[in-house]
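Have a look at the structure below before the remarks.
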Amino acid sequence: MVPYSIPHALVISPTLGGHPVSPDLAMSLRKILFGNTLHIFNYEWKKSFFKFREPYSNLSYALEAERGGARAIQMAVQAHVIKYLLFTQPLNLESSGIERLVEVGEKEQERALAAALADILWTAGDERTATISLVTPDRCFTPHLDYKLDNFTERLQLFTFKEKEDVTKFIYEHIHCFSKEESHGVILFLYSLIFSRSIIRLQEDLDFSTTHLLQFGLGNFVCRQALLNLLLTGRASPNVFNGTLSCDEHGNALYQPLHGILTRSNVGYLHWSREQAEHASLPSVGSMLKTPKLPVWVCNINGTYSVLFSPNRSLLSDWKMEHLFQIYFYNGQPTQVNTAMLTIDTHSHHWEAKSRDGQGDPEKRFPSVEMTIRTKWEGAAIDWNGTVPFF
């Protein structure tokens, strides 16, 4: 088992600079995460970090993400890693398209992770500032009586930067604090995300439907939509529709407005749930999230997170590209040994004919990944190209 304590090699010296976390800030951090100061992260969260698959392999771009509450954060970071490797890193003339994601070495993995983490934090800081939290050997304060000690949060040292390049460089220099076993790397990044956004701005982002970022369910803390939206857009909007909703579906004015997505981000979001579809309660994702600036999507499929992506930047800007194209799928599970390539045909509607000829509701017979894709490309026929559908 992975112990709760952080090894000395993953702890930074207080002489590095920065400033120690204060008791008031630690209390506010707990409240914005859990809604109170007495909850702490469980063992599953504490053992979560950003672990790449084998370097120089078919999945060398990919992060491992076990089932659990931290998976949403890992897959959001995965989407930004893909964005960096496909669309941001300096072009290697020897490779293009999907080839840029394979045969990635360990140093390239570290650079991609640092760039992805920095990009998310910088966006959360309104592209003006970002704060990174690391752990020191000793406590920075003595907790209040109504604060439950976790021997981790009380040891935070905070480093704030005003230039994105400095953020990326600092994370890269301390990448082991996020990517090594026993580092608590996902929690450290989540803390950094909250500090980069700031408690005050997070409270302004939220609305009466959501007052904190995590919820407890099925024995674990899971990410609310507001936290996922913060990872994707830099703003902790609790809803997936476009804009702000002032009235309900019957036209009645709401007591307080509901906050949705205000701008298109680089990475998008798709959502599918069989259970919600059966009860006609599937949330309708707005165009801001469905059509991001780049063809990379985090997918919430039956409550489990994964990614869909295309190396073709013009897929979202040239409608002719959407007639017939390839899209790639990775679900974060160690059991997936190759990136799944799916061919999407938006003009041939033989999937609908197949469903009419068969028995029962097509939404119950088709793989959930296909139904997720059809929330973006309605009626599309999907070919798994020889791969047995596994999700």
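So which residues in the range 278-300 are open to solvent by less than 30 Å² (accessible area, probe 1.4 Å) and within 24 Å of residue 258 (Cα to Cα), if there are any at all?
Within the range 278-300, 285, 286, 289, 292, 297, 298, 299, 300 qualify.
Criterion first (free of Cβ contacts under 8 Å to residues at least 60 places away in the same chain, within 30 Å of residue 108 (Cβ to Cβ) and open to solvent by less than 40 Å² (accessible area, probe 1.4 Å)) does residue 268 satisfy it?
Taking the combined requirement at face value, the residue satisfies it.
Where the second residue is small (Gly, Ala, Ser) and surrounded by 18 or more Cβ atoms within 10 Å (Cβ to Cβ) and the first is within 14 Å of residue 296 (Cβ to Cβ) and at pLDDT 95 or above and lies in the range 321-340, which pairs have Cβ atoms under 6 Å and are six or more apart or on separate chains?
327/310; 329/340; 330/62
Return yes when residue 273 is small (Gly, Ala, Ser) and buried (at least 21 other Cβ atoms within 10 Å of the Cβ) and no when it is not.
So residue 273 does not fit the description; no.
Pick out the one residue from 86, 59 that is closer than 25 Å to residue 336 by Cβ, in contact with a helix residue (DSSP H, G or I) (Cβ under 7 Å, 6 or more places away or on another chain) and among the hydrophobic types (A, V, I, L, M, F, W, C).
Only one candidate qualifies: 86.
Would you say residue 172 is of a type in the set (Phe, Trp, Tyr) and within 18 Å of the chain's Cα centre (by Cα)?
No.
Among the numbered conditions (1) farther than 16 Å from residue 329 by Cα; (2) open to solvent by less than 10 Å² (accessible area, probe 1.4 Å), tell me where residue 61 comes up short.
(1)
Taking residue 85 as the residue in question, decide whether it is under 27 Å from residue 25 (Cα atoms) and either buried (at least 19 other Cβ atoms within 10 Å of the Cβ) or among the acidic types (Asp, Glu) (or both).
Taking the combined requirement at face value, the residue does not satisfy it.
Within the range 14-36, which residues are closer than 23 Å to residue 224 by Cβ and either over 25 Å from the mean Cα position of the chain (by Cα) or hydrophobic (A, V, I, L, M, F, W, C) (or both)?
25, 26, 27, 29, 32, 33, 34
List the pairs whose first member sits in the range 196-213 and is in contact (Cβ under 8 Å) with a residue 12 or more places away in the chain, whose second member is of a type in the set (Lys, Arg) and open to solvent by less than 30 Å² (accessible area, probe 1.4 Å), and whose Cβ atoms are under 9 Å apart, counting only residues at least 6 apart or on separate chains?
The qualifying pairs are 205/197.
Is it fair to say residue 47 is open to solvent by less than 30 Å² (accessible area, probe 1.4 Å) and within 25 Å of residue 304 (Cα to Cα)?
Criteria not met by residue 47.
So for the range 106-127 (the condition being over 28 Å from residue 230 (Cβ atoms) and over 17 Å from the mean Cα position of the chain (by Cα)), does at least one residue qualify?
The answer is yes, given that some residue of the range 106-127 is over 28 Å from residue 230 (Cβ atoms) and over 17 Å from the mean Cα position of the chain (by Cα).
Are any residues in the range 119-143 open to solvent by 30 Å² or more (accessible area, probe 1.4 Å) and either without any contact (Cβ under 8 Å) to a residue 12 or more places away in the chain or among the charged types (D, E, K, R) (or both), and if so, which ones?
Those that are open to solvent by 30 Å² or more (accessible area, probe 1.4 Å) and either without any contact (Cβ under 8 Å) to a residue 12 or more places away in the chain or among the charged types (D, E, K, R) (or both): 126, 127, 128, 138, 139.
Being at pLDDT 95 or above and out of contact with any Leu (no Cβ under 6 Å at 6 or more places or on another chain) is the requirement here; does residue 186 meet it?
yes
Within the range 177-192, is there a residue that is closer than 24 Å to residue 264 by Cβ and either free of Cβ contacts under 8 Å to residues at least 60 places away in the same chain or among the hydroxyl-bearing types (Ser, Thr, Tyr) (or both)?
no
The values are calculated or read from the model by the stated rules, or taken from the named source; none is laboratory data. Predicted model, so just to flag it, every value in this text is computed and none were measured. Cβ sites come from the backbone with ideal geometry, for glycine too, and all protein chains shown count toward neighbours. Side chains are part of the model used for accessible areas, which takes the heavy atoms of the whole protein and leaves out ligands, DNA and RNA. Shrake-Rupley method; radii C 1.70, N 1.55, O 1.52, S 1.80 Å.
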